[in-house]
Amino acid sequence: NAGVMQNPRHLVRRRGQEARLRCSPMKGHSHVYWYRQLPEEGLKFMVYLQKENIIDESGMPKERFSAEFPKEGPSILRIQQVVRGDSAAYFCASSPPEGPYGYTFGSGTRLTVV
Amino acid sequence: GIQVEQSPPDLILQEGANSTLRCNFSDSVNNLQWFHQNPWGQLINLFYIPSGTKQNGRLSATTVATERYSLLYISSSQTTDSGVYFCAVSTSGYALNFGKGTSLLVTP
């Protein structure tokens, strides 16, 4: 029973490029959450999605960031025109249909913008 | 937004010692979870505990929701317990607000 799968584990992008981070939730989980961990800010909520629906994106920066969780396939966090300040660890978590009772986190994607 | 304060910020223990980590929060919550981030960065869920007491092996947790705090107990610590322990709470149920964590180092 695979856990939450994130890929890639490490991603290097030049300023101005696009970054795509993928997250496959645990089998049977239908809720996906994205968090960002910055060295000085700690872990911050970004977005909560269910299949084909964005439930809460109040933690997402207003520009350049978007997320989706299509009917088929993984959830995608997309960052357009990356800047140095986007360098961080991005974690995806999932929870079962009953609700957020015990998140399971993936191993994270470490994004470095050069 | 809700404030989450964890103490102590840093802790060094010898193997075999016991410890108590504390989490204070500023508002009523309907979701509280404890996580361990190991030295490789992996976040492991320890407890979902918005109220009451739970135990899992050498770890146990107690949340007193009416007084807005939670405690994580680690008994007979091992070097593999090293890492950062996070308390995370939510008033919405799903968007967790993380504390800054307690960094634990267990020495042989």
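Would you tally the residues in segment B:59-81 being open to solvent by less than 70 Å² (accessible area, probe 1.4 Å) and more than 11 Å from the chain's Cα centre (by Cα)? Of the residues in segment B:59-81, 7 are open to solvent by less than 70 Å² (accessible area, probe 1.4 Å) and more than 11 Å from the chain's Cα centre (by Cα). Report yes if some residue within segment A:51-68 is open to solvent by less than 70 Å² (accessible area, probe 1.4 Å), in a strand (DSSP E or B) and closer than 22 Å to B:Val89 by Cβ; otherwise report no. Checked segment A:51-68: at least one residue is open to solvent by less than 70 Å² (accessible area, probe 1.4 Å), in a strand (DSSP E or B) and closer than 22 Å to B:Val89 by Cβ.
Scanning for something aromatic (Phe, Trp, Tyr), free of Cβ contacts under 8 Å to residues at least 24 places away in the same chain and out of contact with any Phe, Trp or Tyr (no Cβ under 9 Å at 6 or more places or on another chain), does segment B:67-77 turn up at least one residue? The answer is no, given that none of the residues of segment B:67-77 is aromatic (Phe, Trp, Tyr), free of Cβ contacts under 8 Å to residues at least 24 places away in the same chain and out of contact with any Phe, Trp or Tyr (no Cβ under 9 Å at 6 or more places or on another chain). Flag: B:Ser76 matches the condition of being among the hydroxyl-bearing types (Ser, Thr, Tyr) and on the phi > 0 side of the Ramachandran plot. Entry remark, segment B:3-16: residues being loosely packed, with under 14 Cβ neighbours inside 10 Å and β-branched (Val, Ile, Thr) number 1 in total.
Flag: A:Thr109 matches the condition of being among the hydroxyl-bearing types (Ser, Thr, Tyr), within 14 Å of chain B (Cβ to nearest Cβ) and surrounded by 22 or more Cβ atoms within 10 Å (Cβ to Cβ). Across segment A:1-16, a minimum of one residue is classified as surrounded by 15 or more Cβ atoms within 10 Å (Cβ to Cβ), away from chain B (no Cβ under 14 Å) and of a type in the set (A, V, I, L, M).
I need the full set of residues from segment A:17-29 which are open to solvent by less than 50 Å² (accessible area, probe 1.4 Å) and either closer than 11 Å to A:Leu77 by Cβ or assigned to a loop (DSSP other than H, G, I, E, B) (or both), in order please. A:Ala19, A:Leu21, A:Cys23, A:Pro25, A:Met26, A:His29 - these are the residues of segment A:17-29 that are open to solvent by less than 50 Å² (accessible area, probe 1.4 Å) and either closer than 11 Å to A:Leu77 by Cβ or assigned to a loop (DSSP other than H, G, I, E, B) (or both).
B:Ala88 passes every criterion in (1) at the interface with chain A (Cβ under 10 Å from one of its Cβ atoms); (2) over 20 Å from A:Glu40 (Cα atoms); (3) under 16 Å from the mean Cα position of the chain (by Cα) apart from (2). Say whether the condition of being of a type in the set (A, V, I, L, M), touching a residue at least 60 places away in the same chain (Cβ under 8 Å) and within 14 Å of chain B (Cβ to nearest Cβ) is met by at least one residue in segment A:24-38. Yes, the conditions are met somewhere in segment A:24-38. If you check A:Leu77, A:Leu43 for being within 14 Å of chain B (Cβ to nearest Cβ), closer than 20 Å to B:Ala88 by Cβ, open to solvent by less than 60 Å² (accessible area, probe 1.4 Å) and aliphatic (A, V, I, L, M), only one passes: A:Leu43. Cβ-Cβ distances below 6 Å connect the following pairs, each with a first residue in segment B:10-32 that is more than 13 Å from B:Thr63 (Cα to Cα), a second residue that is assigned to a loop (DSSP other than H, G, I, E, B) and open to solvent by less than 50 Å² (accessible area, probe 1.4 Å), and a separation of six or more residues or different chains: B:Leu13/B:Ser77; B:Ala17/B:Ser77; B:Asn18/B:Ser75; B:Ser26/B:Ile2; B:Asp27/B:Ile2. In segment A:74-87, the count of residues that are part of a loop (DSSP other than H, G, I, E, B) and under 26 Å from B:Gly99 (Cα atoms) is one or more. Per this entry, A:Val82 is not counted among residues that are within 11 Å of chain B (Cβ to nearest Cβ) and crowded, with 21+ Cβ neighbours inside 10 Å.
A:Val32 - would you say it is in contact with a Cys (Cβ under 7 Å, 6 or more places away or on another chain), β-branched (Val, Ile, Thr) and in a strand (DSSP E or B)? Judged against the criteria, A:Val32 is a match.
The values are calculated or read from the model by the stated rules, or taken from the named source; none is laboratory data. Remember, predicted model here, so these are calculated numbers, not experimental data. Here the Cβ is made from the backbone with ideal geometry for all residues, glycine too, and neighbour counts use every protein chain on show. We work out accessible area using only protein heavy atoms, side chains counted, and drop any ligands, DNA or RNA first. Shrake-Rupley method; radii C 1.70, N 1.55, O 1.52, S 1.80 Å.
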